[in-house]
1. Filter the stretch 33-89 for residues that are part of a loop (DSSP other than H, G, I, E, B) and either touching a residue at least 60 places away in the same chain (Cβ under 8 Å) or touching a Gly at 6+ places or on another chain (Cβ under 8 Å) (or both) and give the result.
2. The conditions are (1) under 30 Å from PRO165 (Cα atoms); (2) assigned to a strand (DSSP E or B), and GLN112 fails exactly one of them. Which is it?
3. Determine which single condition ASN43 fails, assuming it passes every other condition in (1) more than 28 Å from ILE149 (Cβ to Cβ); (2) surrounded by 11 or more Cβ atoms within 10 Å (Cβ to Cβ); (3) within 19 Å of the chain's Cα centre (by Cα).
4. Only one of (1) at pLDDT 90 or above; (2) over 28 Å from ASN43 (Cβ atoms) fails for THR83. Which number is that?
5. Of all residues in the stretch 66-108, count the ones that are of a type in the set (Gly, Ala, Ser), under 19 Å from the mean Cα position of the chain (by Cα) and loosely packed, with under 12 Cβ neighbours inside 10 Å.
6. Here is a list of conditions, (1) surrounded by 15 or more Cβ atoms within 10 Å (Cβ to Cβ); (2) more than 15 Å from the chain's Cα centre (by Cα); (3) not β-branched (Val, Ile, Thr), and LYS36 meets all of them except one; can you say which number that is?
7. Restrict the check to the stretch 59-67 and report whether at least one residue is closer than 28 Å to THR124 by Cβ and β-branched (Val, Ile, Thr).
8. Looking only at the stretch 115-155, filter to residues that are more than 23 Å from the chain's Cα centre (by Cα) and either in contact (Cβ under 8 Å) with a residue 40 or more places away in the chain or under 17 Å from PRO165 (Cα atoms) (or both); which one of those is surrounded by the most Cβ atoms within 10 Å (Cβ to Cβ)?
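The values are calculated or read from the model by the stated rules, or taken from the named source; none is laboratory data. No experiment lies behind these values; they were computed from the predicted model shown. All Cβ positions, even for glycine, are placed from backbone atoms using ideal geometry, and neighbour counts span all protein chains on display.
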Amino acid sequence: MLPNLEIGQIVNTFGIKGMVKVKPFTDDIKRFDSLKKVYIEKNSNKKEYEIEEVKYHKNMVLIKFEGIENIEQAERLRNSYLTISRNSAEELEEGRYYVVDLLGLEVYTDEQILLGTLEDIFNTGSNDIYVVKNEEGKQILLPAIQDVIKKIDIENKKVIVHLLPGLV
């Protein structure tokens, strides 16, 4: 069974009526408009919540959940993660992937040399950076640009990259 997709983290409360402030983990922040319910996960506990209201404020998502009526209840949700089931996820256009699907893939050069495993992905603003860790634990940082990332093969759990001079 595929894992749920993390779509954000509750970072704070907002107001006194139970609203929470969510840092979104999605390229399309308006994606929250179409959600009816989410799972809130904290310390390996998972509970489903119905969404009553969604607002946006300074690149953050403000959400009011059914049953969360005051700041004290909202405070208990702080640092929790919002997840959705895989079948609630939007289809991505070709060439776009969910981060969870990329983590753990083996990374090879276009000369079939194994560089390591894709351990993490972070965004610099202009592009993503793929963090590849080899068997010795050394990290290689690769920019996720067309000149470097040549092929992503989810089915065979492989990423093919072209190493530009100075990358390794």
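1. Let us first name the residues in the stretch 33-89 that are part of a loop (DSSP other than H, G, I, E, B), namely 35-36, 43-44, 58-59, 66-70, 76-80, 85, 89.
Across the stretch 33-89, the qualifying residues are ILE68, GLU69, ASN70, LEU77, ARG78, ASN79, SER80, SER85, ALA89.
2. (2)
3. Single failed check for ASN43: (2).
4. That leaves (2) as the condition not met.
5. Taking the stretch 66-108 as the starting set, the residues that turn out to be of a type in the set (Gly, Ala, Ser) are 67, 74, 80, 85, 88-89, 95, 104.
After this cut, where a residue has to be under 19 Å from the mean Cα position of the chain (by Cα) as well, the list is 80, 85, 88-89, 95, 104.
Of the ones still in play, those that are also loosely packed, with under 12 Cβ neighbours inside 10 Å are 95, 104.
So the count comes out to 2.
6. All conditions pass for LYS36, except number (1).
7. Initially, the stretch 59-67 is screened for residues closer than 28 Å to THR124 by Cβ, giving 59-63.
Filter once more, keeping what is β-branched (Val, Ile, Thr): 61, 63.
Within the stretch 59-67, one or more residues are closer than 28 Å to THR124 by Cβ and β-branched (Val, Ile, Thr).
8. Result: LEU115.
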